[in-house]
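**Student:** Handing you this structure, nothing more for now.
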Amino acid sequence: MRRLGATKITGLLLVLALCFAARGSAEDSEGARGTLKGLAGFYVIVEELQPNLLRYEKYSKQFDLNKTGIQRDVERKLTEAGIRVLTPEEWQKTPGKPVFYVNINTHESEKYWFSYNIKIEVRQVVSLEANPAVKTLAGTWSLNLTGMANIGNLKQIRQDLNELTGRFVGAYRGSK
C-alpha cells in the first residue's frame with residue numbers, strides 16, 4: 001500500500017516537472033513587453049474551436065462561441081483601444097509581420113463540463129542569434145488562462161478571453 005502511494009507521488013512530481021520544463025519562453029514579462037515596442041498593429045488569427053464544444057450548437061450559438069464571433073470581438077477590442085488591426089495585405093508589408101494569435105483549447109471532461117485553456121500570443125518575424133540570416137515567425141509575448149465551465153455558463157470562456165485581451169492592451173500600451 002505504501003509503495004502505491006509513493007508511486008503516485010513520484011508520478012505527480014514528474015508531471016509537474018514536465019509542465020514547468022515545457023513552459024514556453026514567451027510571457028508577459030518586462031522583457032517580453034519590450035518586444036511589443038514599435039509594432040504598428042496586428043493581423044488577428046483565431047484558431048477554429050474544437051468539435052467537442054461546437055457539437056452543442058445551441059449553446060455555442062447562444063454565447064457566440066465560434067471563430068467568427070471571437071475574431072470580431074478581439075478585433076473590436078483592439079481597435080477600441082487604439083491598436084491597429086491589419087488586413088492580410090497590410091500585414092505582408094508591415095515590418096516584423098506581427099500576429100495576434102488566439103487559441104481556445106477545450107476538453108469535455110464530463111458530460112456538459114468543459115475544461116479549457118485560452119492562449120493569446122504575439123508572434124512576429126525574428127532573427128536567430130546563432131544564424132542571423134534565418135528569420136522565422138515566433139512567439140514573443142503571451143498569456144494563457146485555464147478554467148472550467150459547464151454548458152450553461154460557456155460565456156465564462158468569452159469573459160476570460162476578454163480579460164486576457166485587456167491585459168494585452170495594457171502590456172502594449174506600457175511598451176510605448
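The values are calculated or read from the model by the stated rules, or taken from the named source; none is laboratory data. Computed from a prediction, not measured in an experiment: that's the story for all the values here. Using ideal geometry, Cβ is built from the backbone for each residue, glycine included, and neighbour counts are taken over all protein chains shown.
**Student:** Return yes or no: is LEU49 under 19 Å from the mean Cα position of the chain (by Cα), in contact (Cβ under 8 Å) with a residue 40 or more places away in the chain and more than 30 Å from LYS37 (Cβ to Cβ)?
**Tutor:** So LEU49 passes the test.
**Student:** Considering only segment 137-176, how many residues are among the β-branched types (Val, Ile, Thr), closer than 30 Å to GLN92 by Cβ and at pLDDT below 95?
**Tutor:** Qualifying residue count, segment 137-176: 0.
**Student:** Working carefully through the options LEU16, LEU36, LEU65, find the one that is modelled with pLDDT of 95 or more, under 22 Å from SER142 (Cβ atoms) and not acidic (Asp, Glu).
**Tutor:** Of the residues listed, the single one that is modelled with pLDDT of 95 or more, under 22 Å from SER142 (Cβ atoms) and not acidic (Asp, Glu) is LEU36.
**Student:** Would you check which residues across segment 151-176 are in contact (Cβ under 8 Å) with a residue 24 or more places away in the chain, out of contact with any helix residue (DSSP H, G or I) (no Cβ under 9 Å at 6 or more places or on another chain) and not acidic (Asp, Glu) and list them?
**Tutor:** Hits for segment 151-176 are LEU164, ARG167, ARG173, LYS176.
**Student:** Inside segment 123-150, can you point out the residues that are touching a helix residue (DSSP H, G or I) at 6+ places or on another chain (Cβ under 8 Å) and surrounded by 19 or more Cβ atoms within 10 Å (Cβ to Cβ)?
**Tutor:** Passing the criteria: THR140, TRP141, SER142, LEU143, ALA149.
**Student:** Enumerate the pairs (first residue in segment 83-97 and under 21 Å from GLY174 (Cα atoms); second residue anywhere and surrounded by 13 or more Cβ atoms within 10 Å (Cβ to Cβ) and of a type in the set (S, T, N, Q)) with beta-carbon separation below 7 Å, excluding pairs fewer than 6 apart on the same chain, so at least 6 apart or on different chains.
**Tutor:** Note: pairs meeting the criteria are LEU86/THR94; GLY96/GLN124; LYS97/GLN124.
**Student:** I would also like to ask the following. Every residue in segment 103-142 that is assigned to a strand (DSSP E or B), more than 15 Å from the chain's Cα centre (by Cα) and not polar (S, T, N, Q), please.
**Tutor:** Selection gives HIS107, GLU108, GLU110, TRP113, PHE114, VAL125, VAL126, LYS135, LEU137.
**Student:** Can you find, within segment 57-84, the residue that is surrounded by the fewest Cβ atoms within 10 Å (Cβ to Cβ) among those that are in contact with a strand residue (DSSP E or B) (Cβ under 9 Å, 6 or more places away or on another chain) and in a loop (DSSP other than H, G, I, E, B)?
**Tutor:** Per the criteria, the residue is ARG84.
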